[in-house]
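Working notes, structure below.
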Amino acid sequence: MKKLRVDIWSDVVCPWCAIGKRRFEAALARFSHKDEVEVVWRAFELDPSAPAVQPGDNATRLARKYGRTREQAVAMMQQVAETAKQEGLDFDLVNARSGNTFDAHRVLHLAAERGAQDAVKERFFRAYMTEQQPIGDREVLVRLAAEAGLDPEEVRATLATDGFAAEVREEEEVAHRLGIHGVPFFVLDGAIGVSGAQPADVLLRALEQAWERSAAESETAEGAACGPDGCT
């Protein structure tokens, strides 16, 4: 059975990535070939230099980063939260506990091997965006991954080594080669790129375009085939 693969670069502390996930799911629900779509989450770190758990207040840190007042930063976060609410998401970004996400991406690779990547991704998003859980804390990651269906001891053992570190770095390098500077970023059928948390209608059109492209290539490949009895 033909599969249409969608690679999505994102970070688990990126609110627009969580919003983009909901919008993509809404588009996928309307896509006539949704059962033939394979979604793969790819690693992207918004702040690779971040400590495991960021100290201080999230709003104050954002204000400092963008040269705004704390009040302005809070207003920015609340505006994003209002957008998220329209997608059925409940965000508390002001009190979110940010941190380094490299380990989270390693766990997501393990989850992919165990067939639970989407469930773990969803759990990580909710833990950070809604529950104020420190997403860079390894024991928190173990617990969250277990809640999403992974073996906690296997997760703990992976985090105690460099398991999947090379895979995460490779995905980040691919993002760099593709010129991805912001997330979410969707790559459909290895050829069609969609940047940002686009509306579901836009994502649906991209799915349809990718499917048509894939079907056309398959037809071309079959038409150009040769065998022992000659060419067709």
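A short reminder: the numbers here are calculations on the coordinates, not readings from a lab. Keep in mind the model is a prediction, meaning the values are calculated, not measured. Here the Cβ positions follow ideal geometry from the backbone for every residue, glycine too, while neighbour counts run over all protein chains shown.
Only lysines eight or more places from Lys3 in sequence, or on another chain, were considered; those with a Cα closer than 30 Å are Lys21, Lys34, Lys121.
Using 0.36 nm per residue, how much length does the chain from Asp57 to Lys3 gain when fully extended, once their Cα-Cα distance is taken away?
Extra length from Asp57 to Lys3 when fully extended: 15.0 nm.
Would you calculate, for the chain, the mean residue ellipticity at 222 nm contributed by helices, counting each DSSP H stretch of 4 or more residues as -39,500 (n - 2.57) and dividing by all residues, to the nearest 500?
-17000 deg cm²/dmol
For the chain, dividing the convex hull volume of the Cα atoms by the residue count gives 147 Å³ per residue. For the range 53-129, place one equal point scatterer on every Cα, skip the solvent, and apply the Debye formula. What is log10 of I(q)/I(0) at q = 0.21, 0.25, 0.27 Å⁻¹? For the requested q values the scattering log ratios are -0.98, -1.11, -1.16.
Among Gly136, Gly20, Gly196, the largest mean-square fluctuation in a Gaussian network model of the chain (Cα springs under 10 Å) belongs to Gly196. Between the alpha-carbon centres of the range 19-88 and the range 131-149 there is a gap of 18 Å. Which one, Glu45, Glu172, Glu217, has the greatest fluctuation when you compute a Gaussian network model over the chain with C-alpha springs under 10 angstrom? With Cα springs under 10 Å in the chain, the top fluctuation among Glu45, Glu172, Glu217 is at Glu217. Using 0.36 nm per residue and subtracting the Cα-Cα separation, the extra length available between Ala165 and Ser32 on full extension is 44.2 nm.
By the count of other C-beta atoms within 10 Å, a proxy for reagent exposure, Ser32, Ser98 are ordered fewest to most as Ser32, Ser98. Note: relative contact order over the chain, using C-alpha pairs below 8 Å and six or more positions apart, is 28 percent.
Each residue of the range 177-182 was assigned a 3J(HN,Hα) from its phi angle through the Karplus expression (A = 6.51, B = -1.76, C = 1.60, θ = phi - 60°), giving 5, 7, x, 7, 10, x Hz with x at Gly and Pro. With the charge dipole of the range 44-142 set up from +1 on Lys and Arg Cβ and -1 on Asp and Glu Cβ about the Cα centre, the Cα lying farthest toward the positive end among the listed residues Val80, Thr69, Gly115 is that of Thr69.
Full extension of the chain segment joining Arg143 with Leu178 gains 9.2 nm, where the gain is 0.36 nm per residue of separation less the Cα-Cα distance. Please find, in a Gaussian network model of the chain (springs between Cα atoms separated by less than 10 Å), the residue of Arg138, Arg114, Arg42 whose mean-square fluctuation is greatest. With Cα springs under 10 Å in the chain, the top fluctuation among Arg138, Arg114, Arg42 is at Arg114.
For the range 34-183, with only Lys/Arg (+1) and Asp/Glu (-1) charged at the beta-carbon, what is the dipole magnitude about the Cα centre, in debye rounded to 20? Numbers along the way, then the final one.
Numbers: 19 positive and 28 negative charges, 143 e Å.
In debye, rounded to 20, the range 34-183 gives about 680.
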